[in-house]
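These notes concern the structure reproduced below.
The values are calculated or read from the model by the stated rules, or taken from the named source; none is laboratory data. All figures in this text were calculated on a predicted structure; none of them were measured in a lab. Cβ placement follows ideal geometry from the backbone for every residue including glycine, while neighbour counts extend to all protein chains displayed. Surface accessibility is based on the protein's heavy atoms, side chains included, excluding ligands, DNA and RNA. Shrake-Rupley method; radii C 1.70, N 1.55, O 1.52, S 1.80 Å.
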Amino acid sequence: MYRHLERRLAQRVLECLQRRYPDAALPNIVIEQPPKVELGDYAIPVFPFAKPLRSAPLKIAEAIRSEIGPIEGIAELKVTPPGYLNIRIDRAWLAATLARDQRAPAEAPSGKILVEHSSINPNKAAHIGHLRNAILGDTFVRLLRYAGREVDVQNYIDNTGVQVADVVVGFTHLEKKSRAEIEALSRQPRFDYHCWDIYARVSQWYEQDKANQKARLDTLHAIEQGANEPAAIADLISTAVLRRHLETMDRLDIEYDFLPRESEILHLHFWDAAFQKLKQTGVLSYETEGKNKGCWVMRRAGTGRAAVGSITTPQEPEASDNEPTAERVSEEDQKVIVRSNGTVGYVGKDIAYHMWKFGLLGRDFGYCKFYRYPNQHDCWISTTAGQKDHPHFGDVAEIYNVIDARQSEAQSTVIEALRGLGHDEAAGHYTHFSYEMVALTPRCAAELGYFLSDEDKSRSYIEVSGRRGFGVKADDLIDQLIASAQKEVDSRHPELADEERLQIAAQIAIGALRYFMLKYTKQSVIAFDFKEALSFEGETGPYAQYAVVRATSIFKKAGLEAENFAPSNSTEEFTQFLNHASGNEIWELWLAASKTAYVVDQCIATTEPAYLAKHVFQLAQLFNTFYHRHPILSEPDEKRKQFLLMTVAVARRELIRALAIMGITVPSVM
RNA sequence: GGGCCCGUAGCUCAAUUGGAUAGAGCAUCGGAUUUCUAAUCCGAGGGUUGCAGGUUCGAUCCCUGCCGGGCCUACCA
């Protein structure tokens, strides 16, 4: 509602200015929120208009105020020095629409969106870095769906890479295990943990003696060839680990629709199709000399073709047909896509894959069902042949790739390739949802028993490394969070059944974890620390959950249902209570409650879910203050009591709603 | 060397993308009607926003130059 009202206001101010200054070129109207509610609910700085309209800011503000006329939902406009137009919402009007849960009509554009996230190599257990990725991605999916968009969720599986080969080598060469033995192991509950250790051991083993790396190369080649023992073992391992990843993410309510695998991109020859087009359009050029002799290369993204192109002079000779790229790219700026031995690197495969995403490749995967979630939702996986009936994946209007900032150059290269192929629109709808990594604080690393050099100890954080087995496993962290929450629940609610206490502890743990991963802005490196991650107080998920539990318990005690509560107040009474001298602080709560849709829009536009976390916290904080100041059930004035109850019902509803978008549910009691 | 990101309270982070007196949590200290449950609330201290210039009505935010830190920069995936 807040968003809706803001748009209406902006429109009216624009019309008003256009009427008064028909010839002036108007700058954009910026609507902000004043630093204090006492000033108003919206603020328009008038300074930017002073120059184009050749008038003093205060004069312009006054002109708008006196000429704009009445606006539904707006109570008052006020001119404030040095040059602000402060606007007050009609409190009773907003409260009434909120009480009815009347939402602005959806105006979502059509077109399917593909969000890809997680993409964990299927050779070891997921760690906290993967958790940040999956939680950011899943929350973004929820944001889009809340805004009315249709979304497919994909998790890309690189099951043919060298990391998988390494684990195969570990099992076959270090542990001397047969395929049958590995298969038995893979059915154990935390097979991915076993792989985690083996992966770290193999990496050490390679370093001990370079000759050991021969096993790695042989295994990698065998896997690429297919139809042999190492390939079968690789498939066995990667599939089992993938299942584990899906289970881990399912603990956090994170689900996928489709798992495209690199093996199919290989076997279904996606690259061949892409390669043809890339050669035809001159995106790739063949190097005949220098260090990249014999390779097909691309210009590295951001190395200046655009700048050169924009000042191209007409007398420059046109490129002839057999030489599509006349422009020579310096070695520094070359990105090798196809090696001199004819094999394609991962960026090349990624280009082909993204052509498929936009329906530009002319080929498709085979599909079969792979995993069924407890709620009966099916997750599909790519295969060469596949089932006849399957949902239609790919061929989407927009994509978001949730991948950490280290991959931004590769992502830009794929976008540039799409552009070079002439798919500017697709390139424009390709968003690299970039975020910074999760690292460990030196203290945390020491707690986990890792050896630290003096240099490491002086750093503010240390990067995790799967190869070195250095990091915090996702399931371990979730287990710890649940155990820690369980201790609290046990002491607070000994009367509840074991099963119920565990259920509550799990909800709190997930709330704490998801909130923790979302409260930092994307570009901030999270220096992971158990103390902060395990905290249930202050700016945390449980803080917000607790606010909802309090709200619920008021209604429980009153014998009412929060969901269906309708107050008997008249509009005049709403006005009276909201405009009361002490009413500002209650109004702030209503105002915050009206902002959910506004914040969701903001999160989507900026691909920044942290705003939602901030909104949830602010709402919970305002509610807790309100809760503390106003005893409700003992309120003697029945009219006022009704009003206070409605305030609780609305705050509770919006908190539950916003938490749900973050993937957080609320326990019955805490 | 080149590209991207970061530097804000003791610590971890915000600041609606150029707006009003730079805000939260943690930590520290001091308090809260035996109440709709204290996983809560109230209060206090804590700041030359890395440094130096510039742009303008206005700069934590934009520009330039330094200082410090991180990531990327493989014919690995």
Self-check item: Residue satisfying all of: in region A:1-35; basic (Lys, Arg) and more than 20 Å from A:Ser55 (Cβ to Cβ); farthest from RNA strand B (Cβ to nearest atom) among these
Solution: A:Arg8
Quiz prompt | In region A:506-553, residue nearest to RNA strand B (Cβ to nearest atom) [restricted to those that are of a type in the set (A, V, I, L, M), surrounded by fewer than 22 Cβ atoms within 10 Å (Cβ to Cβ) and modelled with pLDDT of 95 or more] | solution = A:Val549
Quiz item: Only one of these conditions is not met by A:Pro109: (1) more than 26 Å from A:Tyr515 (Cα to Cα); (2) away from RNA strand B (no atom under 16 Å from the Cβ); (3) modelled with pLDDT of 95 or more. Which number is it?
Solution: (3)
Quiz item: With (1) in contact (Cβ under 8 Å) with a residue 40 or more places away in the chain; (2) farther than 20 Å from A:Lys614 by Cα; (3) not in a helix (DSSP H, G or I) as the list, and A:Phe536 as the residue in question, which single condition is left unmet?
Solution: (2)
Exercise. Name every residue in region A:330-348 that is open to solvent by less than 50 Å² (accessible area, probe 1.4 Å), in a helix (DSSP H, G or I) and either within 8 Å of RNA strand B (Cβ to nearest atom) or of a type in the set (Phe, Trp, Tyr) (or both), in order of residue number.
Key: A:Val347
Quiz prompt | Which numbered condition A:Pro567 misses (of (1) assigned to a loop (DSSP other than H, G, I, E, B); (2) surrounded by 19 or more Cβ atoms within 10 Å (Cβ to Cβ); (3) not aromatic (Phe, Trp, Tyr)) | solution = (2)
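Could you run through region A:18-36 and say how many residues are touching a residue at least 24 places away in the same chain (Cβ under 8 Å) and within 31 Å of the chain's Cα centre (by Cα)?
Here is the first cut: in region A:18-36, the ones touching a residue at least 24 places away in the same chain (Cβ under 8 Å) are A:19-21, A:24-27, A:31, A:34.
With within 31 Å of the chain's Cα centre (by Cα) added as a condition, the list becomes A:31, A:34.
Residues flagged as touching a residue at least 24 places away in the same chain (Cβ under 8 Å) and within 31 Å of the chain's Cα centre (by Cα) within region A:18-36 amount to 2.
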Practice problem: State which residue pairs qualify: first residue more than 16 Å from A:Lys641 (Cα to Cα) and inside region A:545-560, second residue in a helix (DSSP H, G or I) and among the charged types (D, E, K, R) in any location, beta carbons under 7 Å apart, and separation of 6 or more residues or different chains. | Solution: A:Val548/A:Arg652
Quiz item: Looking at A:Thr665, A:Thr596, which one is more than 13 Å from RNA strand B (Cβ to nearest atom), among the hydroxyl-bearing types (Ser, Thr, Tyr), open to solvent by less than 20 Å² (accessible area, probe 1.4 Å) and within 21 Å of the chain's Cα centre (by Cα)?
Solution: A:Thr596
Quiz prompt | Selected residue (only one of A:Leu560, A:Leu591 is surrounded by fewer than 19 Cβ atoms within 10 Å (Cβ to Cβ), of a type in the set (A, V, I, L, M) and within 13 Å of RNA strand B (Cβ to nearest atom)) | solution = A:Leu560
Exercise. Out of the residues in region A:89-107 that are among the charged types (D, E, K, R) and under 13 Å from A:Thr575 (Cα atoms), state the one that is least open to solvent (accessible area, probe 1.4 Å).
Key: A:Arg91
Practice problem: Give region A:29-46 a look and list any residue that's closer than 17 Å to A:Leu14 by Cα and surrounded by 15 or more Cβ atoms within 10 Å (Cβ to Cβ), or say none. | Solution: A:Ile29, A:Ile31, A:Tyr42, A:Ala43, A:Ile44, A:Pro45, A:Val46
Exercise. Please enumerate the residues belonging to region A:408-462 that are under 22 Å from A:Phe516 (Cβ atoms), part of a helix (DSSP H, G or I) and away from RNA strand B (no atom under 12 Å from the Cβ).
Key: A:Ala445, A:Ala446, A:Glu447
Quiz item: Mind checking which pairs have a first residue in region A:459-476 that is free of Cβ contacts under 8 Å to residues at least 40 places away in the same chain and a second that is polar (S, T, N, Q), Cβ under 8 Å, 6 or more apart or different chains?
Solution: A:Ile462/A:Thr441
Quiz item: Do we have A:Gly170 as over 30 Å from A:His432 (Cα atoms), surrounded by 17 or more Cβ atoms within 10 Å (Cβ to Cβ) and not basic (Lys, Arg) here?
Solution: yes
Quiz item: Within region A:272-298, which residues are at negative phi, more than 12 Å from RNA strand B (Cβ to nearest atom) and open to solvent by less than 40 Å² (accessible area, probe 1.4 Å)?
Solution: A:Ala273, A:Ala274, A:Phe275, A:Leu278, A:Val283, A:Leu284, A:Ser285
Quiz item: Within region A:391-412, how many residues are loosely packed, with under 15 Cβ neighbours inside 10 Å, modelled with pLDDT of 95 or more and closer than 13 Å to A:Tyr435 by Cα?
Solution: 0
Practice problem: Run A:Gln602 past the list (1) part of a helix (DSSP H, G or I); (2) within 13 Å of RNA strand B (Cβ to nearest atom); (3) loosely packed, with under 15 Cβ neighbours inside 10 Å and report the number of the one that doesn't hold. | Solution: (3)
